[in-house]
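Before I ask anything, here is the structure I am working with.
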Amino acid sequence: MSKELTEKAKLLVNSARELFFKHGIKRVSIEEICQKANVSKMTFYNYFKDKDELAIHIADIILDAELNNLMENDAKPIHFEEKIRNHMLWSYQIYNESGNEFFSEALDADESTVFGKHVKEKTLEVFKFSKNMILKAQKKGEVKPGLKIELIMFLGDMTKKIMANPEIQKLYPDKIQMFKDICNIFYYGIINSEGDKPF
């Protein structure tokens, strides 16, 4: 969106965000967004050419915040494990706020669509920073030296797909507990160890 956010535009963004988080993007219409924001459709089109552009704007807010959170934690003089822990605790909150429908649609977005392509490109920025962060930690001995960074990143990406899997979601009425269990398996495995500090 090229135009600066006015109060009405902010109303549209906040209203859409609330509806998207509750129902997902596909199930929400422009009419419903306008009704909730108490603005006309003409006002909507003054700021956004369609629902996809608005959804992209909201996805950008979340992904930019994720990247900023990673950067802030990476700059702290603490062990890599604590950096990841801090980021995952932040991620729990965002996942909880964004709702399962929005989260699943963003992860499964068709890359041939404008929304899907943009989210993929934006996610790649986060992916690249995460990869460099892990590489630095590996060189410092904070990540096991024999592990291939490509495998770590692949498994990290798979955890998001697992969280979006309907069959896995059925097992967890509490989605935050699901998030924690997946993170604990990813970072600590399934064997109990006295040194582990589970999420």
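Just so you know, all these numbers are worked out from the coordinates, no wet-lab data involved. All figures in this text were calculated on a predicted structure; none of them were measured in a lab. Every residue, glycine as well, gets a Cβ built from its backbone with ideal geometry; the counts of neighbours run over all protein chains shown.
Measure off 7 Å from each Cα along the Cα-to-Cβ vector at K117 and D52, then give the distance between these two points in nanometres to one decimal.
If labels sit at K117 and D52, their model points lie 0.8 nm apart.
Structure shown: which of K76/K160; K83/K197; K122/K170; K128/K148; K117/K148; K10/K180 lie over 24 Å apart, alpha-carbon to alpha-carbon?
K76/K160; K122/K170; K117/K148; K10/K180
If you build a Gaussian network model of the chain, linking Cα atoms that sit under 10 Å apart, which residue out of V143, V13, V126 swings the most?
Among V143, V13, V126, the largest GNM mean-square fluctuation belongs to V143.
While we're looking at this one, here's another question. Using Cα springs under 10 Å in a Gaussian network model of the chain, which residue among K36, K170, K131 shows the largest mean-square fluctuation?
Taking springs between Cα atoms under 10 Å, the residue moving most is K170.
If you stretched the chain out fully between E7 and N192, how much longer would it get, using 0.36 nm times the residue separation minus the C-alpha to C-alpha distance?
61.4 nm
Then there's this: Quick one: if you stick a label point 7 Å off each Cα along the C-beta vector at I30 and Y45, how many nm between them?
0.6
Moving to a separate point now. Regarding the chain, what are the three Cα extents along the principal axes, ordered largest first, in Å?
The Cα atoms of the chain stretch 59, 35, 29 Å along their principal axes.
When Lys and Arg each count +1 and Asp and Glu each count -1, what net charge do the other residues less than 13 Å away from L107, Cβ to Cβ, add up to?
Neighbourhood net charge equals -2.
Using Cα atoms only, what is the angle between the long axis of helix 51-75 and the major principal axis of the chain, expressed in degrees (0 to 90) to the nearest 10?
With rounding to tens, the tilt is 30 degrees.
Let me ask another. Using a 10 angstrom cutoff on alpha carbons, build the Gaussian network for the chain and name the most mobile of I33, I78, I58.
The residue with the greatest mean-square fluctuation here is I78.
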